[in-house]
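The values are calculated or read from the model by the stated rules, or taken from the named source; none is laboratory data. Everything numeric here is computed off the predicted structure, so don't read it as measured data. Neighbour counts are summed over all protein chains in view; Cβ atoms, including those assigned to glycine, are modelled from backbone coordinates with ideal geometry.
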Amino acid sequence: MYDVLIIGCGVTGAAAAYSLARYDLKVGIVERFNDVACGATKANSAIMHAGYDPHPGTKMASLNRLGIKAAKKICKKLDVEYRPLQSLVLAFSEKDMEAVRELYARGKKNSADVRILDRKGVLAAEPAASPDCVGALHSRDSAIINPWEFALAMAEVAVINGADLLLEHKVTGIRRGRGKLTVVTDRGELETRFVVNAAGAFAEDISAMAGDTSVKSLPRAGQYYVLDKEEGKKVNSVIFRCPDENGFKGVLVAPTVHGNLLVGPDAEPRADADDLSTDRESLDRIMKSGLSSVPSVNFRNIIREYTGVRPTTSEKDFVIGVSRSCRRMINLAGICSPGLSSAPAIGDEAVRLLGKQGLVLKRRRGFIDERPPVVRLAELDDEEKRRVIEENPLYGNIICRCETVSEGEIVDALRRPIVPRSIDAIKRRCRAGMGRCQGGFCSPRVHEIISRELGVPMEDVMLDKQGSFIITGRTGAEEN
Amino acid sequence: MTEKYYDVAVIGGGPAGLAAAVSACEHGAAKVLVIERDKVVGGILNQCIHNGFGLHYFKEELTGPEYAGRFAEMVRNTAAEVVTGTMVLGIDTPESGPVIRCVSREDGYREYRAGAVVLCMGCRERTRGAIAIPGDRPSGVMTAGTAQRYVNMEGYMIGRRIVILGSGDIGLIMARRMTLEGAKVLACVELCPYSNGLNRNIVQCLEDYGIPLYLSHTVTGVHGRGRLERVTVSRVDDKRRPVEGTAFDIECDTLLLSVGLIPENEITRDAGIEIDRRTNGPTVYENMMTTRPGVFACGNVVHVHDLVDFVTAESMRAGAAAAEYAAGKRVSGRVIKLVNGEGVNYTVPQMIRPDNAGKVTEVFFRTNIPRKKSVIRVMSGDTQIASFRREYMAPGEMEKIPLPRVLLDRAGDTVTVSVEPAGEAADRA
Amino acid sequence: MKELICIICPKGCHLKVDEENGCAVTGNGCARGAEYGKKEITDPTRVITSTVGITGGIYSRCPVKTDRPIPKKLIGDAMELLRGLEITSPVKTGDVVVSDILGTGANFVATRDM
């Protein structure tokens, strides 16, 4: 019997698990995919928002501000890539400037760092911004982050402190019993005193399983381009545009913590949150919008496109609270932007709500608030490279040429508390395959290393999620 | 740390690097080093098990591994040293001469000093992401070269029902290869109204096996959440935009991409060496020296070749020049810039120093569209200094024209290479 | 008159073969093209390249080829001979892996040392 079972291991579930890890509780996390951070957590803008955007008084406003402060500390403590970076909301018309002034007022109320820049000020702060802009909101409170590493780090600490992470467990039902809930999965039943619903775009379904149909998911898809590092060098800020009449923040242009450039997203309703397809029309629109913010972006240097589906709901705010029908379930729904920024605060809020529902919160003795260090060869200076390779020669065997990722780093990842089992899971942890050739050279080698280290046949190693098999058999085999 | 010194250090042990090393030794470099990232030399030739290599250089038809094997043998017969499993992280080029920083499993982090460096890193394949094919992102979509590695070296089948996008040579070769291994290749889809591969490969890889080639078509949709289930193919107009109403689906589990190769110049760029936007490779002089003195480049890192024999020839020249540079030879004098005129996508070299040009300088280029009877003109201002006739030209086939020293001496500081249809105009010559 | 593209070398000459006139070839750039044109009409042949399993090599497959062209119609049957075949390292380039393929006199030979 678990004290708390968290459903979903995206950044929200991971943050809840991390917040719960400091208490003496038996925690489980069920995740339908074969890795953590497989939903919106791996496909978003990777931004820590400064907090000027949410309407004052909303949960979004308060949790965003609390979240970014906590996230900064967590990233430092758990060695997650994080870089403070100024942000701009560009205005191209007087109407846009009105929106900028509105954001400024909100920012002030939300105690975010904000100021209004005129055109000259914008171009001084960000020379790559379009000279057609008339002004911008400027903030120094924003940052860029590695979102999946952020979720992974928090989940790892939870696992190190005894949480069970049950991957490839899809929740199909919830039965309410005396003093407990039975969570039915496709791989068996789990009993728990409390459930935290962190199922992202599927929070509606989980909520309904416990009888509460008040959560209404209205997922919105956003498509993105990832560009080569050549392009990432061109900007030194997160560049938004003024929100449109729907409150949509618009296509942003921003570097990633790894030095690539991100351009996107749009926001289109998408009925099926598992539909991660891209389409030509949306991508073309995004390219145009990105170019109007930063004309110097060279779209010949694209390396990838992706779609993220935000778990938006009919509410304009996060839907965080005790289920209306089941006092043993806490809903963490509608965690769309600024969800990543707010995650640590949402995790703490979940703990507070569980406490109010009667969960006994006793501090865990010997809470370990750290995780094994991560060697990132590409970031080391020459002397450090020499040292780590001397200690472990596998760091000298470069597998991914584009991102300079060594066999040592891949083997390390395979021996961590949460074991990556797919080529993309390795990519998320080590960056192997994330560069210009998109795994063209290294994926067969990563494939082999996973197979060898985990003792899994090559045929059973997936590219990404379940069912994404790469190999269909042997050449020249008798059965062909 | 003790840095070892080599007269010539070659980065990459594929066909370019091996030829450059052999040639550097032949031209007097006493200490030559080849740095290879894979566990054996030979580069991509190791997985190109098909035949068709070596007709120019060896005057016989070899497979990729045989061609690589012969050069590996030639290198073994020189004093050149080869280090494998070693990745070059970067090169620095201070006044005192190039320094190469690299890592390997056996030797850890180390630096080599060199009199001259030859860049031979080859190229990589364009990916799905680079050409932004819309749709889902299932497994079963990979570049033809990655598939070739899985199939030919690791011995794994990567699919059963296959569509190939792009009619580049690797795609065509893999169409035949997968068919021979029992897979069904359903279509080869090409964006251009003509094939980008060698004609012989269209014949012996597609036509021999009855594989349909859809010209002026492209993949406009990828479907499947786990493994690929089908692709949508559409006809494209002359601007290469999909035409509405022409889409059809092909059920398949694999989409192989053969949509172009890109020279791999991370190290080159990081070293601040000038890159030609047209080739995506370094700008080079007639002797394959880049804009950084002492740093040479050859093979697919400079421009994508269609024949390894040409890579070899070019690399032989680069290796020789690197050896001479290491021995103290410096070239000065006037520089002629080659300009791409009508119908010419790029030229290599981009710059010629007549004082250093031999009796004849070979200029390589590609034309932009397939052409029948054509004239290649080499102009200095309004004066034609040379012209060449061709019965047939295609973007997929690299052209080579010889420019004699005597003509170069007569030319101004810019020379334009252009192609036009042969006709009355050609008689101006 | 049959139009062919010569596959003897990468140049890809556009050949015309006159079936009426004893398969006289025009459009060829060299003598081998003429020979190919005639043969392609009367008795087409191909060199086949593939791989066989190898034990103890640095890779799990060893590349092989037919040491001379074999009739096109025998390609499928020739491939069958390689199915399930496993050789043992070391092999040398040119070592015969399958001899006298289907009575053609051609052999499958290794194309690398391994």
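Of all residues in region B:1-32, those that are part of a loop (DSSP other than H, G, I, E, B) and of a type in the set (A, V, I, L, M, F, W, C) total 3. All of A:Ala61, A:Ala17 fail the test of being in a helix (DSSP H, G or I), farther than 13 Å from A:Ser342 by Cβ, modelled with pLDDT of 95 or more and among the small types (Gly, Ala, Ser), apart from A:Ala17.
Per-residue answers, yes or no, for (1) assigned to a strand (DSSP E or B); (2) basic (Lys, Arg); (3) touching a Cys at 6+ places or on another chain (Cβ under 8 Å):
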{"position": "A:Ala128", "(1), (2), (3)": "no, no, no"}
{"position": "A:Cys133", "(1), (2), (3)": "no, no, no"}
{"position": "A:Ile144", "(1), (2), (3)": "yes, no, no"}
{"position": "A:Val157", "(1), (2), (3)": "no, no, no"}
{"position": "A:Leu165", "(1), (2), (3)": "yes, no, yes"}
{"position": "A:Thr172", "(1), (2), (3)": "yes, no, no"}
{"position": "A:Leu181", "(1), (2), (3)": "yes, no, yes"}
{"position": "A:Glu189", "(1), (2), (3)": "yes, no, no"}
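Here B:Gly358 meets each of (1) part of a strand (DSSP E or B); (2) in contact with a Lys or Arg (Cβ under 9 Å, 6 or more places away or on another chain) with one exception, condition (1). Are any of the residues in region A:109-121 closer than 15 Å to A:Cys242 by Cα, over 26 Å from the mean Cα position of the chain (by Cα) and part of a helix (DSSP H, G or I)? Yes, region A:109-121 contains a residue that is closer than 15 Å to A:Cys242 by Cα, over 26 Å from the mean Cα position of the chain (by Cα) and part of a helix (DSSP H, G or I). Exactly one residue among B:Val243, B:Val236 is out of contact with any helix residue (DSSP H, G or I) (no Cβ under 6 Å at 6 or more places or on another chain), surrounded by 19 or more Cβ atoms within 10 Å (Cβ to Cβ) and at pLDDT 95 or above, and that residue is B:Val236.
The set of residues in region B:49-64 that are within 13 Å of C:Asp67 (Cα to Cα) and part of a loop (DSSP other than H, G, I, E, B) comprises B:His50, B:Glu60, B:Glu61. Restricting attention to region B:13-45 and to residues that are within 14 Å of chain C (Cβ to nearest Cβ) and crowded, with 24+ Cβ neighbours inside 10 Å, the residue that is farthest from B:Ala114 (Cα to Cα) turns out to be B:Leu45. Being away from chain B (no Cβ under 11 Å) and in contact with a strand residue (DSSP E or B) (Cβ under 8 Å, 6 or more places away or on another chain) holds for only one residue in C:Ala34, C:Ala78, C:Ala110, and it is C:Ala34. Out of all the residues in region A:307-330, is one or more closer than 19 Å to A:Cys38 by Cβ, under 16 Å from the mean Cα position of the chain (by Cα) and basic (Lys, Arg)? There is at least one residue in region A:307-330 that is closer than 19 Å to A:Cys38 by Cβ, under 16 Å from the mean Cα position of the chain (by Cα) and basic (Lys, Arg). Taken together, the criteria exclude A:His55 from residues that are farther than 26 Å from A:Ile160 by Cα, surrounded by 23 or more Cβ atoms within 10 Å (Cβ to Cβ) and either assigned by TED's automatic domain parsing to the domain that holds A:Pro243 or not aliphatic (A, V, I, L, M) (or both). Is it true that some residue in region A:61-71 is of a type in the set (D, E, K, R) and touching a strand residue (DSSP E or B) at 6+ places or on another chain (Cβ under 8 Å)? No: zero hits. Of A:Glu391, A:Glu379, A:Glu403, A:Glu409, all but one fail to be closer than 22 Å to A:Met434 by Cβ, more than 8 Å from chain B (Cβ to nearest Cβ) and without any contact (Cβ under 8 Å) to a residue 12 or more places away in the chain; the exception is A:Glu379.
Residue under question is A:Ile368, and the condition is that it be buried (at least 17 other Cβ atoms within 10 Å of the Cβ) and of a type in the set (A, V, I, L, M); does it hold?
Working: buried (at least 17 other Cβ atoms within 10 Å of the Cβ): no; of a type in the set (A, V, I, L, M): yes.
Considered against the rule, which asks whether it is buried (at least 17 other Cβ atoms within 10 Å of the Cβ) and of a type in the set (A, V, I, L, M), A:Ile368 comes out as no.
Scanning region B:328-344 for residues that are within 22 Å of B:Thr416 (Cα to Cα), charged (D, E, K, R) and in a loop (DSSP other than H, G, I, E, B) yields B:Arg334, B:Glu342. I'd like the full set of residues that are touching a strand residue (DSSP E or B) at 6+ places or on another chain (Cβ under 6 Å) and surrounded by fewer than 20 Cβ atoms within 10 Å (Cβ to Cβ), limited to region B:68-86. Correct list: B:Glu81, B:Val83, B:Gly85. Scanning region B:125-156 for residues that are touching a Gly at 6+ places or on another chain (Cβ under 6 Å) and within 7 Å of chain A (Cβ to nearest Cβ) yields B:Glu125, B:Gly135, B:Asp136, B:Pro138, B:Thr143, B:Thr146. Of all residue pairs spaced 6 or more apart or on separate chains, those with beta-carbon atoms under 9 Å, a first member in region B:332-350 that is closer than 11 Å to B:Thr279 by Cα and a second member that is hydroxyl-bearing (Ser, Thr, Tyr) and part of a strand (DSSP E or B) are B:Asn345/B:Thr367; B:Pro349/B:Thr361.
The set of residues from region A:63-80 being surrounded by fewer than 19 Cβ atoms within 10 Å (Cβ to Cβ) and touching a residue at least 60 places away in the same chain (Cβ under 8 Å) comprises A:Leu66, A:Lys72, A:Lys77, A:Asp79. The set of residues in region B:58-94 being more than 14 Å from chain A (Cβ to nearest Cβ) and either among the β-branched types (Val, Ile, Thr) or under 28 Å from A:Arg387 (Cα atoms) (or both) consists of B:Thr63, B:Val75, B:Thr78, B:Glu81, B:Val82, B:Thr93, B:Pro94. For region C:74-94, the criterion of a residue being among the β-branched types (Val, Ile, Thr), at pLDDT 95 or above and touching a helix residue (DSSP H, G or I) at 6+ places or on another chain (Cβ under 6 Å) is satisfied by at least one position.
Taken as a whole, the condition of being over 18 Å from B:Glu3 (Cα atoms), within 23 Å of the chain's Cα centre (by Cα) and without any contact (Cβ under 8 Å) to a residue 40 or more places away in the chain applies to B:Tyr150. Only strands (runs of 3 or more DSSP E) whose full extent lies in region A:226-339 are considered here, and the ones with at least 3 residues that are outside the structural domain of A:His55 (by TED's automatic domain parsing) are A:238-241, A:252-255, A:261-264, A:302-310. Listed conditions (1) small (Gly, Ala, Ser); (2) more than 25 Å from A:Lys385 (Cα to Cα); (3) over 19 Å from the mean Cα position of the chain (by Cα) are all met by B:Ala114, apart from (2).
Restricting attention to region B:17-66, the residues that are acidic (Asp, Glu) and at pLDDT 95 or above add up to 3.
Being surrounded by 14 or more Cβ atoms within 10 Å (Cβ to Cβ) and either of a type in the set (Gly, Ala, Ser) or more than 20 Å from B:Cys48 (Cβ to Cβ) (or both) holds for only one residue in C:Thr66, C:Thr104, and it is C:Thr104.
Table: residues versus (1) among the small types (Gly, Ala, Ser); (2) assigned to a loop (DSSP other than H, G, I, E, B); (3) at pLDDT 85 or above; (4) surrounded by fewer than 16 Cβ atoms within 10 Å (Cβ to Cβ).
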site	(1), (2), (3), (4)
C:Ile8	no, yes, no, no
C:Gly12	yes, yes, no, no
C:Lys16	no, no, yes, yes
C:Glu35	no, no, yes, yes
C:Lys38	no, no, yes, no
C:Gly53	yes, no, yes, no
C:Gly57	yes, yes, yes, no
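Considering region A:435-461 alone, what residues qualify as being buried (at least 24 other Cβ atoms within 10 Å of the Cβ) and more than 8 Å from chain B (Cβ to nearest Cβ)? Selection gives A:Gly435, A:Cys442, A:Val446, A:Ile450.
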